[in-house]
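To keep things clear, I will list the structure first and then write my remarks on it.
The values are calculated or read from the model by the stated rules, or taken from the named source; none is laboratory data. Owing to the predicted nature of the structure, the values given are computational and were not obtained by experimental measurement. Here the Cβ positions follow ideal geometry from the backbone for every residue, glycine too, while neighbour counts run over all protein chains shown.
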Amino acid sequence: MNYHQAQIHEYPQLVDIWARSVKQTHDFLQVEDFKKIEKELPTYFPHLDVKIWTDLEKVIGFSGVDGNKLEMFFLDPKYIGKGYGKRIVRCLLEESKIQFVDVNEQNLGAKNFYQVMGFEEYDRSEVDDAGRSYPIIHLKTNSDSLKNLE
């Protein structure tokens with residue numbers, strides 16, 4: 001598996017992956033919120049370290065990191081559940097030194113995934129960063145997490 005830094009001409013492809021992934025994993029998201037986020041998403045990319053993850057030249061998904069926080073991580077739905085997510089997060093833990101990630105409380109699959117990857121809940125917010133009524137679970141990892149993944 002490889003990655004490269006996202007370029008502006010690739011943003012539409014990332015939004016497409018995001019949209020298809022969210023439709024599969026975020027059944028709680030209201031249609032109007034989905035449309036608003038979809039429109040705003042490309043404005044966040046320049047502020048993050050966005051990597052596009054590939055395997056044999058097929059785009060698997062993308063991640064966006066800000067400092068030590070994984071701000072966004074989405075896989076093309078056809079690659080969910082095939083081990084790619086674990087491989088990518090391991091790489092991000094080792095190379096980018098991520099320590100924090102937030103997940104929607106209603107997205108139990110994501111919460112369980114990050115807990116398996118060694119993240120633990122440390123806080124909760126009633127609303128997301130935009131003030132929408134989607135509760136957020138704040139997760140963090142510790143130095144023992146990498147040992148657990150080996």
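State whether one or more residues within the stretch 100-121 are small (Gly, Ala, Ser) and modelled with pLDDT of 95 or more.
no
Checking the condition modelled with pLDDT under 90 and either surrounded by 13 or more Cβ atoms within 10 Å (Cβ to Cβ) or touching an Asp or Glu at 6+ places or on another chain (Cβ under 9 Å) (or both), which residue from Leu93, Leu149 passes?
On inspection, the qualifying residue turns out to be Leu149.
Can you pull out the residues in the stretch 106-128 that are touching a strand residue (DSSP E or B) at 6+ places or on another chain (Cβ under 6 Å), buried (at least 18 other Cβ atoms within 10 Å of the Cβ) and either polar (S, T, N, Q) or assigned to a loop (DSSP other than H, G, I, E, B) (or both)?
Across the stretch 106-128, the qualifying residue is only Phe119.
Return the residues of the stretch 47-72 that are more than 15 Å from Asp16 (Cβ to Cβ) and over 16 Å from the mean Cα position of the chain (by Cα); say none if nothing qualifies.
Of everything in the stretch 47-72, those that are more than 15 Å from Asp16 (Cβ to Cβ) and over 16 Å from the mean Cα position of the chain (by Cα) turn out to be Asp55, Leu56, Glu57.
Identify the residue in the stretch 33-64 that is under 19 Å from Ile88 (Cβ atoms) and basic (Lys, Arg) and, among all such residues, is surrounded by the fewest Cβ atoms within 10 Å (Cβ to Cβ).
The extreme case among them is Lys58.
Per-residue answers, yes or no, for (1) within 22 Å of Lys111 (Cα to Cα); (2) in contact with a Pro (Cβ under 8 Å, 6 or more places away or on another chain); (3) among the β-branched types (Val, Ile, Thr):
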position	(1), (2), (3)
Met1	no, no, no
Glu10	no, no, no
Thr54	no, no, yes
Asn68	yes, no, no
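Take Phe28 and tell me if it is out of contact with any His (no Cβ under 6 Å at 6 or more places or on another chain), under 28 Å from Arg124 (Cα atoms) and surrounded by 19 or more Cβ atoms within 10 Å (Cβ to Cβ).
No; evaluated as a whole, the condition is false for this residue.
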